[in-house]
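Novice: Attaching a single structure in structure tokens format; questions to follow.
The values are calculated or read from the model by the stated rules, or taken from the named source; none is laboratory data. Quantities reported herein were computed from a predicted structural model and do not represent experimental measurements. FYI the Cβ positions are ideal-geometry reconstructions off the backbone, even for glycines, and counts take in every protein chain you see. These area figures cover heavy atoms from the full protein model, side chains too; ligands, DNA and RNA do not enter into them. Shrake-Rupley method; radii C 1.70, N 1.55, O 1.52, S 1.80 Å.
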Amino acid sequence: MRAEDMTAVFALAELIHPGFPEDDDVLAERRDLYPAGCFVLETQAGLRGYLLSHPWRANDPPALNRTLGRIPADADTYYLHDLALHSDVRGAGAAKPLLLQLFAETRIWPEHSLVAVNGSAPFWQHHGFAVLERPGLAAKLAGYGADARYMVRH
């Protein structure tokens, strides 16, 4: 993901996540803090997907629509902040190359984690993630919606 991709990323985020809006500066900061973990999916129709990810602390998902400030020095999980795919590429395996590239480049991390929203837990289970239930996580997940699930892939 390049700086010049960000206008299209902002537009795609607004289209795909109307129930989970994040300010442009939040998305831009994720890319700026850890550009190696940010990818786009380009087709002939233009930018049709993106993945924002970065190292973070396990069992402590960042709040939605909040800047991070920095990547924590004690990061112990590789966190997938957002995978967004335009409806015209969903269901066609479009996520697979993004995830394969990410997993290959982040294989040094003992785990990957994310918060599944909008009923996406089965999709993530298909990619090796499992729901993790821990005391204290419910409060952290509240801002992500009632069906939010914290998931981990070892």
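Novice: Extension gain Leu132-Asn59, at 0.36 nm per residue separation less the Cα-Cα distance, in nm? Don't skip to the answer; put the middle values down first.
Specialist: Details: separation 73, 0.36 × 73 = 26.28 nm, distance 0.87 nm.
In short, 25.4 nm is gained.
Novice: Sorted by packing (mean other beta-carbon atoms within 10 Å per residue), highest first, where do 31-43, 134-146 land? Before the final figure, lay out each step's value.
Specialist: Numbers: 31-43: 16.8, 134-146: 12.7.
Output ranking for 31-43, 134-146: 31-43, 134-146.
Novice: Let me ask something additional. Per-residue ellipticity at 222 nm for the chain, helices alone: DSSP H runs ≥ 4 residues times -39500 (n - 2.57), over residue total, nearest 500 deg cm²/dmol?
Specialist: Numbers: 5 runs with 43 residues, N = 154.
The helix contribution divided over the chain gives -7500 deg cm²/dmol.
Novice: What does the charge add up to near Leu15, with Lys and Arg as +1, Asp and Glu as -1, over the other residues with Cβ less than 14 Å from its Cβ? The partial results should precede the final answer.
Specialist: Numbers: positive: Arg48, Arg90; negative: Glu14, Glu22, Asp24, Asp82, Asp88.
The answer is -3.
Novice: How many times 2.2 N^0.38 Å is the alpha carbon radius of gyration of the chain?
Specialist: Details: Rg = 14.5 Å, N = 154, 2.2 N^0.38 = 14.9 Å.
Here the answer is 0.97, to two decimals.
Novice: Roll a 1.4 Å probe over the protein chains and send me the accessible area per residue for the chain in Å².
Specialist: Values: 7900 Å² over 154 residues.
I get 51 Å² per residue for this part.
Novice: Separate question: From zero up to wherever the largest Cα-Cα distance of region 1-49 sits, split into 5 Å bins and tell me the percent of pairs in each.
Specialist: 5, 20, 33, 26, 13, 3
Novice: Going by the alpha-carbon gyration tensor, a ≥ b ≥ c the square roots of its eigenvalues, is region 109-154 rounded (a/c under 1.5) or, if a/c is not under 1.5, prolate (a/b greater than b/c) versus oblate? Let's see the in-between values first.
Specialist: Values: a/c = 2.37, a/b = 1.29, b/c = 1.84.
Oblate shape, in that a/c is at least 1.5 and b/c is the bigger or equal ratio.
Novice: What part of the accessible area of region 1-147, given as a whole %, is carbon or sulfur when the probe is 1.4 angstrom? Please list the in-between numbers first.
Specialist: Details: 4040 of 7560 Å².
Here it works out to 53 percent.
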